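Shown next, in structure tokens, is the structure this report addresses.
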Amino acid sequence: MSYVERVMGLVRNKNPGESEFHQAVWEVLESLTPLLERRPDYQHQKILERFVEPERVLMFRVPWLDDKGQVQVNRGFRIEFNSAIGPYKGGLRFHPTVNLGILKFLAFEQILKNSLTTLPMGGGKGGSDFDPKGKSDEEVMRFCQSFMTELSRHIGADTDVPAGDIGVGGREIGYLFGQYKRIRNEFTGVLTGKGLNWGGSLIRPEATGYGNVYFAHEMIKTRSDSLEGKTCTVSGSGNVAQFTVEKLLQLGATVVSLSDSNGTIYDPSGIDEEKLAWVMELKNIRRGRIREYAETFPGTEYLEGKRPWGIKCDCAFPSATQNEINLDDATTLLENGCFLVSEGSNMPTEPAAMELFLENQILFGPAKAANAGGVGVSGLEMSQNSLRMSWSREEVDGHLQRIMQSIHGSSYETSIEYGDTGNLVMGANITGFVKVADAMLDQGVV
Ligand code: NDP
């Protein structure tokens, strides 16, 4: 039995039922095999065994009062997975599907993603099974205050710096920050994704979507092509999806889909800037469903309960959630001529589907590389907070573009070094891992 198989067996035995965590660990460990052959010191020092074990897992009760005065109880989590190269850093997810296994998979991915950005950030993730959908602003505020009352004991600007994720946007970050400041009596960069006039960074809301499109641009350049004139499908309609569409439009692509957990809209004439502004209002202010798009813009189809992958496209940008592209979806995408998939959401592609994309040698941007722009700009927000300065839109966007170029460049170089040119899954995993593993070796058995 190989070293990787042995460690994988340990992960399955010690973390029963955490299928998403097993999936994420296996995808990484499998692709590290050629590196481990060159670096026997990792095995001697039990680096993999240490790497798959979170440094700390926090799980806590979050009681709050709803608008009727009834007591509600949710579960809160924070996974402080790895701090070898910097303070724990990673978002908070508020969604009814949240559980320990999902947050451990996200925190594990985050370690490598943060390493790839070249910034000094460790890996963490957290959240709750709380569902902000259908709740009043006051209910969301009371929940956030209760959540932060416990979380505030464990985080800090030099310890652990959470941000947003699914269900946690500007409104939630505001309530969380307010409560932290009140309890700790300090105004520090303890969260990123803050409002612009209280420590936030320009381009942070746009960063994950823009970054993913910059990454796709780098991939397509290797084939002497561009995104201009390409037909693109995007899933989701939240933060990442919205700014993916915005940047694709700026680069001359046509975007024909968006979705939410109820269904997909297919607009063959393309979502233009005006329609996108309407979607932003629908999702960020009115908090409505994407179905309303089809009711508002003639010529649009609403595909109830469907994902966008049956729609013919050149490039696909999954931007909703994990495991949203299965083997059938991948087969359909390829049959329809799709030659680029760039992952905005975390782990959207199931293992068999990813295998098929790699076999067919399409341009495939794995999430930990392609969506690292969000945490990259969060890192820049931390730097600005430490300096007590703020940089211009152009400066931050320039940094973001350089970060995405550097992630693509280093992952691509590594894929060449390990004999599988263009396999960015392997390239990103090895590049991200080596930096963290070497830091762990330097710091001794801790
Ligand atoms: P948002 O909450 O803003 O939007 C999420 C979108 O995905 C919504 O349209 C939502 O629909 C849909 N969605 C959520 N869960 C499901 C589900 N189980 N099935 C189908 N659709 C679903 O989140 P973000 O845009 O911030 O995050 C999207 C993805 O990007 C996530 O995987 C996240 O981890 C990843 N990501 C986000 C970053 C960021 O900076 N925000 C950074 C890096 C990665 P509905 O409204 O119906 O729930």
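The values are calculated or read from the model by the stated rules, or taken from the named source; none is laboratory data. Note that the structure is a prediction, hence the values are computed from the model and not measured. Because the Cβ atoms are built from the backbone with ideal geometry, glycine has one as well, and the counts that use them run over all protein chains shown. Keep in mind that these areas ignore ligands, DNA and RNA; they rest on the heavy atoms of the full protein, side chains included. Shrake-Rupley method; radii C 1.70, N 1.55, O 1.52, S 1.80 Å.
Say we look at segment 220-251 and pick out the residues that are of a type in the set (A, V, I, L, M, F, W, C) and more than 19 Å from the chain's Cα centre (by Cα); which of these is nearest to P308 (Cα to Cα)?
Applying the first criterion (of a type in the set (A, V, I, L, M, F, W, C)) to segment 220-251 yields 220, 227, 232, 234, 240-241, 243, 245, 248-249, 251.
Retained after the next criterion (residues that are more than 19 Å from the chain's Cα centre (by Cα)): 220, 227, 232, 249, 251.
Working: I220: 22, L227: 19, C232: 10, L249: 18, L251: 21 Å.
The extreme case among them is C232.
Which residue, of N346, N323, is touching a helix residue (DSSP H, G or I) at 6+ places or on another chain (Cβ under 6 Å) and within 16 Å of the ligand (Cβ to nearest atom)? Explain how you work it out, then say what you get.
Details: N323 fails: touching a helix residue (DSSP H, G or I) at 6+ places or on another chain (Cβ under 6 Å).
Going through N346, N323 in turn, just one is touching a helix residue (DSSP H, G or I) at 6+ places or on another chain (Cβ under 6 Å) and within 16 Å of the ligand (Cβ to nearest atom): N346.
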So is E413 touching a residue at least 12 places away in the same chain (Cβ under 8 Å) and either assigned to a helix (DSSP H, G or I) or surrounded by fewer than 23 Cβ atoms within 10 Å (Cβ to Cβ) (or both) or not?
-> yes
May I ask you to list pairs of residues, at least six apart or on different chains, whose Cβ atoms are under 9 Å apart, with the first in segment 112-140 being more than 30 Å from K435 (Cα to Cα) and in contact (Cβ under 8 Å) with a residue 40 or more places away in the chain and the second being acidic (D, E) and part of a helix (DSSP H, G or I)?
-> P132/E139; P132/E172
Residues of segment 386-402 being under 17 Å from G199 (Cβ atoms) and touching a Leu at 6+ places or on another chain (Cβ under 8 Å), which ones?
-> S390, W391, S392, R393, V396
Looking only at segment 255-295, which residues are β-branched (V, I, T) and open to solvent by 50 Å² or more (accessible area, probe 1.4 Å)?
-> I285
Meets criteria (over 22 Å from E324 (Cβ atoms), out of contact with any helix residue (DSSP H, G or I) (no Cβ under 7 Å at 6 or more places or on another chain) and more than 16 Å from the ligand (Cβ to nearest atom)) for S378 = no
Sort through Q405, Q384 and tell me the only one that's at pLDDT 95 or above, open to solvent by 50 Å² or more (accessible area, probe 1.4 Å), farther than 22 Å from D267 by Cβ and not assigned by TED's automatic domain parsing to the domain that holds S261.
-> Q405
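To keep it simple, each residue is scored yes or no on (1) under 22 Å from the mean Cα position of the chain (by Cα); (2) open to solvent by less than 50 Å² (accessible area, probe 1.4 Å).
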site: E109; (1), (2): yes, yes
site: K113; (1), (2): yes, yes
site: G122; (1), (2): yes, yes
site: G127; (1), (2): yes, yes
site: F130; (1), (2): yes, yes
site: G134; (1), (2): no, no
site: E139; (1), (2): no, yes
site: C144; (1), (2): yes, yes
site: L151; (1), (2): yes, yes
Limited to segment 108-159, what total is found for residues that are modelled with pLDDT of 95 or more, of a type in the set (G, A, S) and within 22 Å of V62 (Cα to Cα)?
-> 8
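Quick test for you: out of A353, A369, pick the one residue that is hydrophobic (A, V, I, L, M, F, W, C) and within 17 Å of F215 (Cα to Cα).
On the way: A353 fails: within 17 Å of F215 (Cα to Cα).
Residue meeting the stated conditions: A369.
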Of all the residues that make up segment 51-86, how many are among the aliphatic types (A, V, I, L, M) and crowded, with 19+ Cβ neighbours inside 10 Å?
-> 5
For segment 314-351 the number of residues that are under 19 Å from A369 (Cβ atoms) and either polar (S, T, N, Q) or modelled with pLDDT under 95 (or both) is 8
Which numbered condition trips up G299, out of (1) within 11 Å of the ligand (Cβ to nearest atom); (2) small (G, A, S); (3) surrounded by fewer than 16 Cβ atoms within 10 Å (Cβ to Cβ)?
-> (1)
